[in-house]
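Everything on this sheet refers to the single structure shown next.
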Amino acid sequence: KTCSKANGFFKTFHENKCFPHLVITPTLPKENLPPLKLFKARKELLQSADKYEEAEFKDWNDVLDAFFAENQDELLLPEVKEKIGFLSAKQVMREIMLDDTAKRLPEVLAALRTELSQNTKELKTLQEQQKFCDPKELRLVVGTMLIEINGRIKSYLEGDLKSSIKFPERLQTLDEEIDNEEDDEDWSSRELNFYSEKEDVWRERIAHMEEYPEEIQANERFLGGKQYQRAIEFFRAVLLEALPNPELLKDKIPNVTGYLSDGLHRENWEHAMVEIIRVSMKDASHPGINYLIKHVGSIFRRLFLLSLDDIKEGEKLSATFKLLPSKVEKFLITQFESMLWELMEEASKQIHSSLEPMYSTIDPTLPTFRDYTNESDEETFVLRDGKYEPIRSAEKTKEEWTSWALKRLESLRLSSGVQAKAFLKKESQQRALARKAFLPDKRTSMIRGDEVDTILQRSFEYIVALMEFNLTNLKFQLNHYLFQGFKDKLGQFFMVSTTNANWDSLVQKDPAVQNRIENLKEQISSIDDSLKDVEAMQRRM
């Protein structure tokens with residue numbers, strides 16, 4: 001009740017750099033009222049708070065003045081007197097808040113802008129995602145996506161630098177390709193046709209190869225079309241390794257020559273050759289063709305998965321494609337793999353069928369089958385100047401073959417089509433009239449060991465020649481039915497997928513997405529208003 005006591009009380013605060021304000025707040029007689037009544041009573045109390053405080057401080061000052069008049073006590077210190085009442089505190093609080101606001105405004109603006117950007121981005125993402133809840137929108141997006149995938153896969157097959165840089169880990173060596181093919185057990189063990197039973201024999205041949213031929217570049221990392229090219233060359237290398245050893249058949253040959261074929265009293269050596277070639281070529285070629293088709297199928301299968309990842313990264317519509325529901329993506333993968341397997345089945349059917357006629361009969365005039373090493377006394381006749389002249393195989397000198405090759409090349413350079421046709425006609429006539437020894441005509445009544453060796457040697461020479469001829473033919477077959485067939489099927493597949501798919505069943509509706517979109521719109525509107533207010537405040541300050 002004295003100024004000296006009041007000054008002494010506040011001195012301790014002032015010494016500690018603390019300058020409190022004296023505020024008197026009215027209180028209710030009791031607080032245990034219903035919420036609405038309590039709110040109304042407090043509101044009325046606040047309305048009279050200033051007058052209540054003013055009256056209370058007036059009474060206190062009157063007491064201090066009376067005590068000072070009677071006892072000559074000291075006056076209130078100025079730093080205490082000026083801090084009496086809520087108005088003085090309000091002014092200081094306002095200055096502190098304004099100073100703090102001025103310092104924090106840049107941070108507040110940055111925080112508001114960051115939150116606005118995040119919410120706007122999330123809203124855009126959810127709105128894109130919502131497209132997949134509408135069957136028509138889903139079909140449109142997937143259609144656009146499949147067009148992109150089609151273009152990417154074709155670019156991989158033709159050679160694509162961008163994907164090699166973008167996905168270096170997807171390029172593969174030959175061993176990695178083989179491991180992938182074996183890891184895909186759902187395909188490697190799946191029956192392509194009845195030749196599938198012997199595919200493991202081909203895999204064993206690969207496993208027992210000490211090293212790959214240098215020319216197939218097994219250690220180079222390839223993708224797409226180059227993988228396909230290497231797969232063809234690899235098939236060629238393994239097929240050459242699969243050539244049969246004639247000596248293993250030696251004890252079987254006499255039995256295969258038979259007797260009295262077509263009523264002729266002698267053994268049929270030619271039939272024995274046909275059997276040797278048919279069995280050897282069938283066992284060596286067909287399982288390998290199955291393996292090659294599965295190998296190429298595994299490469300094409302990976303290209304589709306790569307294209308899915310490719311279009312989701314760094315492209316114009318990547319943000320939308322990333323939102324593709326997993327259910328739809330699995331559907332597309334399943335449809336693609338089904339299409340690819342059907343293509344592989346059809347290609348294998350056509351290629352196997354085209355190969356069978358190549359060994360069911362023998363053609364002694366096969367272009368790649370030339371009798372360079374016939375050391376028998378059999379004579380070969382050629383038409384020269386209108387009459388046949390006998391020559392021995394040893395007389396077919398290198399110079400003669402070189403001369404023939406030069407004449408053929410010269411015909412191709414002739415400026416006149418008539419001259420070229422004349423040359424080709426003459427060559428065809430000479431080939432038709434040439435007499436060529438196939439097997440020795442002089443034979444014992446019952447075949448002997450040296451004669452068996454002759455049949456085996458000639459059979460092996462024919463197999464080698466036929467193998468070379470077949471490899472060229474197979475390359476055309478594979479390119480047409482498998483490689484080009486795959487490119488053609490891609491366009492059909494994407495068209496059929498978008499036309500025949502049940503888009504209603506693929507839609508995944510999520511009510512939570514719509515609710516979140518509405519909440520984000522409200523938040524963005526509120527943040528935008530706050531941002532405008534803070535920017536206006538910053539301009540005023």
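Only the coordinates and a few stated rules stand behind these numbers; no lab work does. These numbers were taken from a predicted model, which means no experiment stands behind them. Using ideal geometry, Cβ is built from the backbone for each residue, glycine included, and neighbour counts are taken over all protein chains shown.
Looking at this model, which pairs from LYS294/LYS349; LYS136/LYS162; LYS131/LYS162; LYS282/LYS425 are more than 25 angstrom apart at the alpha-carbon? Beyond 25 Å: LYS136/LYS162; LYS131/LYS162; LYS282/LYS425. Could you tell me which residue out of ASN61, GLN484, GLY224 lies farthest along the dipole of the chain toward its positive end? Charges go on the beta carbon: Lys and Arg +1, Asp and Glu -1, centred on the Cα centre. Towards the positive end, the residue furthest out is ASN61. When the helices of the chain are scored as -39500 (n - 2.57) per DSSP H run of n ≥ 4 and the total is divided over every residue, the value at 222 nm lands at -22500 deg cm²/dmol.
Of all aspartates and glutamates in the structure, the ones whose alpha carbon falls short of 18 Å from that of LYS327, not counting any fewer than 8 places away in one chain, are GLU128, ASP134, GLU137, ASP309, GLU337, ASP504, ASP510.
In straight-distance terms, cross-link reach from LYS312 covers every one of the aspartates and glutamates whose alpha-carbon lies under 12 Å from its own, apart from those fewer than eight places away in the same chain; here that gives GLU148.
Only the Cβ atoms of Lys and Arg (+1) and of Asp and Glu (-1) were treated as charged; on that basis the dipole of the chain about its Cα centre amounts to roughly 1860 debye.
Around the amide H of ARG266, modelled in the peptide plane, lie the amide H atoms of LEU260, SER261, all under 5 Å away and 5 or more residues distant in sequence or on another chain. Placing unit charges on each Cβ (+1 for Lys and Arg, -1 for Asp and Glu) gives the chain a dipole about its Cα centre, and among LEU75, THR334, HIS352 the Cα reaching farthest toward its positive end belongs to LEU75. Where in the chain is the longest stretch that carries no chymotrypsin sites (Phe, Trp or Tyr not before Pro) classed as loop by DSSP and with at most 13 other Cβ atoms within 10 Å? Longest gap between qualifying sites, sites excluded: 1-258. Normalised by the empirical 2.2 N^0.38 Å for globular proteins, what value does the Cα Rg of region 1-144 take? Dividing the Cα Rg of region 1-144 by 2.2 N^0.38 Å gives 2.01.
If you look at the Cα atoms of region 190-260, you get an Rg and a Dmax of 17.4, 59 Å. In this structure the amide hydrogen of LEU22, modeled in the peptide plane, comes within under 5 Å of the amide hydrogens of ILE84, GLY85, none closer than 5 places in sequence on its chain.
How many percent of DSSP beta bridges within the chain run antiparallel, rounded to 5? Could you put the intermediate results ahead of the total?
Details: 7 of 8 bridges.
If we restrict to bridges inside the chain, about 90 percent are antiparallel.
For a straight C-alpha distance cut-off of 13 angstrom, the aspartates and glutamates reachable from LYS124 (same-chain residues fewer than eight places away being disregarded) are GLU518.
Dipole orientation for the chain: of the candidates VAL534, MET446, LEU506, VAL534 has the Cα lying most toward the positive pole (charges on Cβ; Lys, Arg +1; Asp, Glu -1).
The computed Cα Rg over 2.2 N^0.38 Å for the structure shown corresponds, within (i) 1.55; (ii) 1.10; (iii) 1.99, to (iii).
How long are the semi-axes of the ellipsoid equivalent to region 475-518, from square roots of 5 times the Cα gyration tensor eigenvalues, in whole Å, largest first?
42, 11, 7
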